[in-house]
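Asker: Sending over a structure as structure tokens; questions will come in a sec.
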Amino acid sequence: MSYLTGVILVTSLVTYLVRMLPIVFFKRELSSQWLKAFMYYIPYAVLGTMTFPAILESTRSTLSAGSGFLVAIILAYFNRGLLLTALGAAAAVFVVEYFTI
Amino acid sequence: MKQSFFSGLRDGIPICLGYIVVSMSFGMFAVARGIPVSTAIALSMTNMTSAGQFAAVNLAGACATFTEIGLATAVVNIRYALMSLVLSQKIEKMSFFKRMLLAAGITDEVFTLASTRGQKVGFSYMAGLIVTPYIGWSLGTILGATVNSLMPVSVVSAMGITLYGMFVAIVVPVAREERPVLMTLLIAISLSCLFKYTPALAALSAGWTIIVVTLITASLAACLFTPVETAKSVEVAK
């Protein structure tokens, strides 16, 4: 077995186990109110953490990324949906960079 | 084919577009580090995780041991265990085998869409939601590893924001209706800035920062606010 085949096997096995064990073996419904609330807030906590400040470094300049962020917030506030919001942000980045870079 | 499978497929489109961009940069990165095109593609098709694959390619490029690579992969990806746990409460009753299958597709974005839906999610919706991003992730890697030079830099840069734009589209409508969610987001953002810009804390890897900040934020939120009952989170506009 070559080294790179080993790398593929090790990474895919570890990644799969991390993803699989909780969802497959944790079956009962949680009863604690606190835990339910905790689980309810996790996605928003994850998203907040992953999005900011990382979004500001996702393009070629902070200005274009900031503009894209702003456009995304406005579109999302008015419920324009995932695809339109994502593409709107990308369009804003493209336009701002066209004039500034 | 079930209707819910197709609505999953459709919801996966923005994730797919974002993934094409991210995995293209992975493909370019891997080839630049001396990894063969076939290995890069195989990694994407068996891992489907950005940070984990970047770490693996970095270590493999430096001829690290399997123990090191395995540990690094676990650390970077441990957040999926948390997401998997949350999803175990969110999915409808389904067989052992189906849960084994779905587990392979838990990514940050798939998790986010599934967990913020107003109702429980079934197997066919989840399957659809995973398939489109998986195609995007594989396709992007192939493109990045082979024909990357054809894409203008301006387009690649603009597409770099799409995943984040999608995140914004998921949280803002809910935060607008539910003050506790807004507060949770603000706490998470403040903490993530704190971890990013405080020199002593910045040493923590991105994977760990996400875990630590998430656990602190969600614990705080669970102590401070009771979620709006019956989980009437606003359905993301389609």
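Asker: Long-range amide H contacts for B:Ile91: which residues qualify at under 5 Å (H placed 1.01 Å from N, peptide plane, sequence gap of 5 or more or a different chain)?
Answerer: B:Val121
Asker: Additional query: Between B:Ser190 and B:Ala202, what is the label-point separation in nm under the 7 Å Cα-to-beta-carbon projection?
Answerer: Spacing of the two 7 Å Cα→Cβ label points: 2.2 nm.
Asker: List the extent of the Cα atoms of the protein assembly as shown along each of their three principal axes, largest first, rounded to whole Å.
Answerer: 52, 52, 51
Asker: Give me a comma-separated list of calculated 3J(HN,Hα) values for segment A:83-96, in order, Karplus coefficients 6.51, -1.76, 1.60 applied at θ = phi - 60°, integers in Hz, x for any Gly or Pro.
Answerer: These are the phi-based 3J(HN,Hα) values: 5, 4, 5, 4, 5, x, 4, 5, 5, 4, 4, 4, 5, 4 Hz.
Asker: Can I ask one more? For segment B:3-231, what is the largest minus smallest coordinate of the Cα atoms on each principal axis, given in angstrom and ordered from greatest to least?
Answerer: Each principal axis gives a Cα extent; for segment B:3-231 these are 52, 49, 39 Å.
Asker: How far is it, in nm, from the label point at A:Leu21 to the one at A:Ser2 when both lie 7 Å from their Cα along the line to the Cβ?
Answerer: Between A:Leu21 and A:Ser2, the label points sit 3.1 nm apart.
Asker: Give me B:Lys120, B:Lys93, A:Lys36 ranked fewest to most by other Cβ atoms within 10 Å of their Cβ, as a rough exposure proxy.
Answerer: Arranged by neighbour count, lowest to highest, B:Lys120, B:Lys93, A:Lys36 become B:Lys93, B:Lys120, A:Lys36.
Asker: If you don't mind, there's one more thing I want to ask. Report ³J(HN,Hα) in whole Hz for each residue of segment A:26-36, in order, from the Karplus equation J = 6.51 cos²θ - 1.76 cosθ + 1.60 where θ = phi - 60°; Gly and Pro get x.
Answerer: With coefficients 6.51, -1.76 and 1.60, one gets 9, 10, 6, 6, 6, 9, 5, 4, 5, 5, 4 Hz.
Asker: Could I ask something else about it? Percentage of Cα-Cα pair distances in segment B:82-147 greater than 17 Å, rounded to whole percent?
Answerer: Details: 882 of 2145 pairs.
The answer is 41 percent, as a whole percent.
Asker: Just the number: Rg to Rh for segment B:127-173, Cα atoms, Kirkwood Rh, two decimals.
Answerer: Values: Rg = 13.2 Å, Rh = 12.5 Å.
Rounded to two decimals, Rg over Rh is 1.06.
Asker: Taking the beta-carbon count within 10 Å as an exposure proxy, list B:Trp208, B:Trp137 from fewest neighbours to most.
Answerer: Ordered from fewest to most neighbouring Cβ atoms within 10 Å, B:Trp208, B:Trp137 come out as B:Trp208, B:Trp137.
Asker: Continuing with the same structure: With angles folded into 0 to 90 degrees, how steeply does helix B:162-177 sit against the dominant principal axis of chain B? Use alpha carbons for both and round to 10.
Answerer: The answer is roughly 10 degrees.
Asker: While we're looking at this one, here's another question. Could you give the length gained by full extension between B:Arg179 and B:Gln3, i.e. 0.36 nm per residue of separation minus their alpha carbon distance, to one decimal place?
Answerer: 60.0 nm
Asker: Looking at A:Leu83, A:Thr100, A:Ile23, which one has the Cα that reaches farthest to the positive end of the dipole of chain A (charges on Cβ: Lys, Arg +1; Asp, Glu -1)?
Answerer: Projecting each Cα onto the dipole axis, the largest value belongs to A:Ile23.
Asker: Next question. Need one word for segment A:3-100: rounded, prolate or oblate. Basis is the Cα gyration tensor (sqrt eigenvalues a ≥ b ≥ c); a/c below 1.5 gives rounded, then a/b vs b/c decides. If you can, show how the numbers build up before the last one.
Answerer: Details: a/c = 3.12, a/b = 1.47, b/c = 2.12.
It is oblate, given that a/c is not under 1.5 and a/b is not larger than b/c.
Asker: Using a Cα-Cα cut-off of under 17 Å, which aspartates and glutamates could be cross-linked to B:Lys93, ignoring same-chain neighbours fewer than 8 residues away?
Answerer: Cross-link targets: A:Glu29.
Asker: May I pose another question? Considering the zone a paramagnetic label at B:Leu224 would reach in this model (a point 7 Å from Cα along the Cα-to-Cβ line), which residues of segment A:30-45 have amide N under 15 Å from it?
Answerer: Hits in segment A:30-45 for B:Leu224 at 15 Å: A:38, A:41-42, A:44-45.
Asker: Could you tell me which of rounded, prolate or oblate describes segment B:95-238, using a ≥ b ≥ c as the square roots of the eigenvalues of the alpha-carbon gyration tensor, with rounded for a/c under 1.5 and, failing that, prolate when a/b is larger than b/c and oblate otherwise?
Answerer: It comes out oblate by the Cα gyration axes.
Asker: Given the options A:Ser67, A:Ala37, A:Leu4, identify the residue whose Cα lies farthest towards the positive end of the charge dipole of chain A (+1 on Cβ of Lys, Arg; -1 on Cβ of Asp, Glu).
Answerer: With unit charges placed on the Cβ atoms, the residue in question is A:Ala37.
Read the figures in this text as sums done on the coordinates, not as results from a lab. Being a predicted model, the structure only gives us computed values, none of them experimental. Backbone-built Cβ (ideal geometry, glycine too); neighbour counts: all protein chains shown.
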